[in-house]
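Taking it in order: structure first as structure tokens, then the write-up.
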Amino acid sequence: MGQKVLIVDGNIEARNTFYEILSSLNYEPTCVPTAKEALTRLTEERFDLIILDKDTPDLGGLEIARKIREFDKETKIILLLEEEPKRDIFSSAHQLNIHKVLKKDFSTHTLMREILGTLRERHSSPQPYPFSQDASILIVDDNPQVRETLQLFLERKGFRVLAASSGEDALMKVKLDKPKIVILDIRMPGMDGVVVLRNMKQLDPSIKVIVLTSVRDDYIMKEAQQEGASEYLIKPYDLEKLDVIVTSLLLQKRSRDGEENLNR
């Protein structure tokens with residue numbers, strides 16, 4: 001059985017979105033619209049994570065968190081805001097031992113990345129994606145050890161994994177195999193990673209590219225973002241963080257693909 005998540009949100013569209021995403025990833029979401037219903041559920045069962053909207057109709061998210069902490073000091077809570085969080089909210093959240101305060105924005109992968117990261121903190125081994133068979137990932141790195149490590153990790157999750165040791169080889173694989181996600185080393189002999197990124201986005205604007213770098217260089221990171229990089233990781237990279245990033249990028253892409261199909 002998957003981890004249990006309680007979502008408390010007065011917005012029916014938000015509850016539906018959370019339910020669809022989390023259940024598709026084999027979690028067990030329970031959605032309720034009010035604080036009263038949430039507190040009733042919490043007296044009946046335990047959850048691994050509680051997601052609270054700050055503007056829940058009968059009680060605000062902070063007040064719900066205060067009531068939860070009267071009898072439950074440990075369960076992780078994420079507080080969602082419609083706007084960017086401000087300092088006073090972080091102060092109140094810290095006093096209530098709220099794990100994260102996030103902007104409720106489904107248009108990017110950031111929100112689900114943070115939520116999935118919280119859920120996956122308890123797991124030491126990767127869990128398979130139920131939709132991994134529909135996606136392929138290209139690893140581009142001139143270091144064979146990096147390619148082998150990432151390939152093993154991702155294949156364990158059920159992905160079809162491609163590998164390239166140069167930018168030229170990577171571009172050929174993008175043309176022929178059309179991967180959904182590329183994990184791209186920024187420093188390689190010959191064509192550098194940012195040039196490779198630009199050419200990939202010209203071949204397929206929808207492709208998601210995660211940039212790998214051994215040293216954080218703000219200029220290179222800005223350049224990569226301008227060319228369409230979705231995320232970046234600094235070596236030595238954290239495989240669990242990569243796990244969460246890949247999941248959230250695929251969910252974002254699948255959501256957009258579904259919207260495009262509905263609009264046709």
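Relative to the present Cα-Cα distance, how much length would full extension add between ASN97 and SER24 at 0.36 nm per residue of separation?
So the chain would gain 23.4 nm between ASN97 and SER24.
Counting only other residues whose beta carbon sits under 13 Å from that of PRO57, what net charge do I get with K and R as +1, D and E as -1?
Net charge in that neighbourhood comes out at -3.
Per 0.36 nm of contour for each residue apart, how much would the distance between ILE234 and GLN202 grow if the chain were fully extended, relative to their Cα-Cα spacing?
Between ILE234 and GLN202, full extension yields 9.0 nm more.
Roughly speaking, to the nearest percent, how much of the stretch 1-75's 1.4 Å accessible area is carbon and sulfur? All intermediate terms of the calculation are to be shown ahead of the outcome.
Details: 1720 of 3690 Å².
Answer for the stretch 1-75 is 47 percent, counting heavy atoms of protein chains only.
Can you work out the Karplus-derived ³J(HN,Hα) for every residue in the stretch 15-24? Use 6.51 cos²θ - 1.76 cosθ + 1.60 with θ = phi - 60°, whole Hz, and x for glycine or proline.
Working through the residues one at a time gives 4, 5, 5, 4, 4, 5, 5, 5, 5, 5 Hz.
Under a 10 Å cutoff between Cα atoms, tell me which one of LEU42, LEU233, LEU116 has the largest fluctuation in the Gaussian network model of the chain.
LEU42
Tell me which lysines have Cα within less than 17 Å of LYS54's Cα, excluding those fewer than 8 residues away on the same chain?
In chain and number order, the partners are LYS36, LYS67, LYS76, LYS86, LYS100, LYS103, LYS104.
What is the distance, in nm, between label points placed 7 Å from the Cα along the Cα-to-Cβ direction at ASP88 and at TYR219?
Those two pseudo-labels are separated by 4.2 nm.
Hey, if we sort TYR237, TYR27 by accessible area with the 1.4 Å probe, largest down, what's the order?
Numbers: TYR237 50, TYR27 25 Å².
Highest to lowest solvent-accessible surface, that is TYR237, TYR27.
Taking a point 7 angstrom from the Cα of ASP105 along the C-beta vector, which residues in the stretch 40-75 have backbone N less than 19 Å away?
52-55
Along the Cα→Cβ direction, 7 angstrom out, place labels at ASN16 and LYS157. What is the inter-label distance in nm?
Output for this residue pair reads 2.8 nm.
What ³J(HN,Hα) values, in whole Hz, does the Karplus curve 6.51 cos²θ - 1.76 cosθ + 1.60 give for the stretch 193-210 when θ = phi - 60°, with x put for Gly and Pro?
After applying 6.51 cos²θ - 1.76 cosθ + 1.60, I find x, 5, 5, 4, 4, 4, 5, 5, 5, 6, 6, 8, x, 7, 5, 9, 10, 9 Hz.
The values are calculated or read from the model by the stated rules, or taken from the named source; none is laboratory data. This is a predicted model, so every value here is computed, not measured. No Cβ is skipped: glycine too gets one built from the backbone with ideal geometry, and neighbour counts run over all protein chains shown. We work out accessible area using only protein heavy atoms, side chains counted, and drop any ligands, DNA or RNA first. Shrake-Rupley method; radii C 1.70, N 1.55, O 1.52, S 1.80 Å.
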